[in-house]
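These notes concern the structure reproduced below.
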Amino acid sequence: MKKNVFIDGEVGTTGLQVYDRLSKHPNVNILKIDQSRRKETSYKKEMLKASDVTFLCLPDNIAIETVAIADELGENSPLIIDASTAHRTNDGWSYGLPELGDNYKKSIIGSKRIAVPGCFATGSNVILKPLIENKILPKNTPLVINAVSGYSGGGKDLIGYFNNELHEPFFNYGLQLNHKHLPEIIFHNGLDVTPIFNPSVGDFIQGMSVCIPIHFQWLSQSIKTSDIQMLIKDFYLNSEFIKVLEKNEALSEKGYLRPDNLIDTNFLDISVFGNDQNNQAVIIARLDNLGKGASGAAIQCMNIALGYDESLGLK
């Protein structure tokens, strides 16, 4: 029997992507929404009750209000998959990045409350977790995280801005060093020092790369670039959607690494580049900010929670 799905916020950037992906999923029935009533509390409660799964593609404050309405339903409350920032560091919620370890995946199985990670946080966490879990990277390391995303990550306003003839080709932002994805990066890696996070947006619609530089003298043991590459590869060996690439596999003929090679997919790849003479490496994760960074991750989590094949509707 198909599961009834309510997408709250289906007209937003993430909501549209969730709708598009779910429309091809064999095990779901997307509930039709009366747009004239969608903001009414009573109507929202009706939709929550009618659904087996509800995706929240909403601002944080509205997501929190909607969860409170769902909680009033008790046992009739649906599985909620929240794409906002609101619940990503809440111990009562599963964090929707199962690749971070067996405990993360087991938490999602049968869960009724799942927080979808931020796109930048996804790229950062998949780089950091293998190094921290294997006690290679100390938790008090003064990390710097550099990242660039396509402009779709900023929603309709930023898409409209880049569609305007008079726009910058590239810009850095979050320069108060308090980006909203930082708390989940710190929380899910147990970091003792807040990283410097330097996000940016380029003149392309989808895709992103997250880059973390490493000085070998930060590490807890003597190591080479190839050791780091093998350690991360082993960590994700059985992953459905994360691939650790071989040396230079990600580079173009000119030696460039572009951020938009995985658009419209739920895949993520990791590359390790280093100079052993300088005792330095950079680790780069690439993904679709609207795929593995948002809607694809949400559907992957739904599949796991409901006992479906993890990749159903995503390949």
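Scan segment 43-58 residue by residue and report those that are outside any strand (DSSP E or B) and either at pLDDT below 95 or touching a Pro at 6+ places or on another chain (Cβ under 7 Å) (or both). Before you say what the answer is, go through the steps one by one.
In the first step, residues of segment 43-58 are kept if they are outside any strand (DSSP E or B); the result is 43-52, 57-58.
Once the filter is applied, which keeps residues that are outside any strand (DSSP E or B) and either at pLDDT below 95 or touching a Pro at 6+ places or on another chain (Cβ under 7 Å) (or both), segment 43-58 yields L48, S51, D52.
Just the residues that are in contact with a helix residue (DSSP H, G or I) (Cβ under 6 Å, 6 or more places away or on another chain) and small (G, A, S), please, taken from segment 207-258.
S239, the sole residue that qualifies.
Quick check on this structure: which one of I33, I81 is over 25 Å from K315 (Cβ atoms) and assigned by TED's automatic domain parsing to the domain that holds Q300?
Numbers: I81 fails: over 25 Å from K315 (Cβ atoms).
Answer to the check: I33.
Step by step: first the residues of segment 216-250, then only those that are surrounded by 14 or more Cβ atoms within 10 Å (Cβ to Cβ) and without any contact (Cβ under 8 Å) to a residue 12 or more places away in the chain, then the one that is farthest from N266 (Cα to Cα). Which residue is that?
If we take residues in segment 216-250 being surrounded by 14 or more Cβ atoms within 10 Å (Cβ to Cβ) and without any contact (Cβ under 8 Å) to a residue 12 or more places away in the chain, then D227 is farthest from N266 (Cα to Cα).
Is it true that some residue in segment 71-83 is modelled with pLDDT of 95 or more, in contact with a Lys or Arg (Cβ under 9 Å, 6 or more places away or on another chain), in a loop (DSSP other than H, G, I, E, B) and among the hydroxyl-bearing types (S, T, Y)?
yes
Within the set of pairs 6 or more residues apart or between chains, which connect a residue that is acidic (D, E) inside segment 122-142 to a residue that is assigned to a loop (DSSP other than H, G, I, E, B) with Cβ atoms less than 8 Å apart?
The qualifying pairs are E133/G101.
Exactly one condition in (1) outside the structural domain of N90 (by TED's automatic domain parsing); (2) farther than 23 Å from F171 by Cβ; (3) out of contact with any Gly (no Cβ under 8 Å at 6 or more places or on another chain) is not met by K112; state its number.
(1)
All but one of (1) modelled with pLDDT of 95 or more; (2) among the basic types (K, R); (3) surrounded by fewer than 21 Cβ atoms within 10 Å (Cβ to Cβ) hold for K315, so report the exception by its number.
Only one criterion is unmet by K315, namely (1).
Taking segment 284-315, which residues are assigned to a helix (DSSP H, G or I), in contact (Cβ under 8 Å) with a residue 24 or more places away in the chain and more than 21 Å from L245 (Cβ to Cβ)? Spell out the reasoning first.
Step one: list which residues in segment 284-315 are assigned to a helix (DSSP H, G or I), which gives 291-306.
Those still in the list that are in contact (Cβ under 8 Å) with a residue 24 or more places away in the chain too: 291-302, 304-306.
Correct list: A294, S295, A298, I299, C301, M302, I304, A305, L306.
When D269 is evaluated against the numbered criteria (1) part of a helix (DSSP H, G or I); (2) out of contact with any Pro (no Cβ under 9 Å at 6 or more places or on another chain), which criterion, by number, is the only one it fails?
(1)
Go through the residues of segment 104-115 one by one and say whether even a single one is in a helix (DSSP H, G or I), at pLDDT 95 or above and among the hydroxyl-bearing types (S, T, Y). Walk me through how you get there before you give the answer.
The initial filter retains those residues of segment 104-115 that are in a helix (DSSP H, G or I), namely 104-108.
Applying the additional criterion that residues be at pLDDT 95 or above yields 104-108.
Cutting the leftovers down to among the hydroxyl-bearing types (S, T, Y) gives us 104, 107.
Looking through segment 104-115, at least one residue is in a helix (DSSP H, G or I), at pLDDT 95 or above and among the hydroxyl-bearing types (S, T, Y).
When you scan segment 67-74, do you find a residue that is closer than 29 Å to G207 by Cβ and either buried (at least 16 other Cβ atoms within 10 Å of the Cβ) or not assigned by TED's automatic domain parsing to the domain that holds I196 (or both), even just one? Lay out the reasoning, then the answer.
The initial filter retains those residues of segment 67-74 that are closer than 29 Å to G207 by Cβ, namely none.
Among the residues of segment 67-74, not one is closer than 29 Å to G207 by Cβ and either buried (at least 16 other Cβ atoms within 10 Å of the Cβ) or not assigned by TED's automatic domain parsing to the domain that holds I196 (or both), which makes the answer no.
Yes/no matrix, rows are residues, columns are (1) within 29 Å of V28 (Cα to Cα); (2) among the basic types (K, R); (3) out of contact with any strand residue (DSSP E or B) (no Cβ under 6 Å at 6 or more places or on another chain):
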residue: C211; (1), (2), (3): no, no, no
residue: N238; (1), (2), (3): yes, no, yes
residue: K243; (1), (2), (3): yes, yes, no
residue: L257; (1), (2), (3): no, no, yes
residue: D288; (1), (2), (3): yes, no, yes
residue: A297; (1), (2), (3): yes, no, yes
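So that you can scan it fast, the table gives a plain yes or no per residue for (1) within 22 Å of G293 (Cα to Cα); (2) touching a residue at least 40 places away in the same chain (Cβ under 8 Å):
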position	(1), (2)
L31	no, no
K39	no, no
E75	no, no
T89	yes, yes
S94	yes, yes
N103	yes, no
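The values are calculated or read from the model by the stated rules, or taken from the named source; none is laboratory data. These figures come from a predicted structure and were not determined experimentally. A quick note on method: Cβ atoms are made from the backbone with ideal geometry, for glycine too, and the neighbour counts reach across all protein chains shown.
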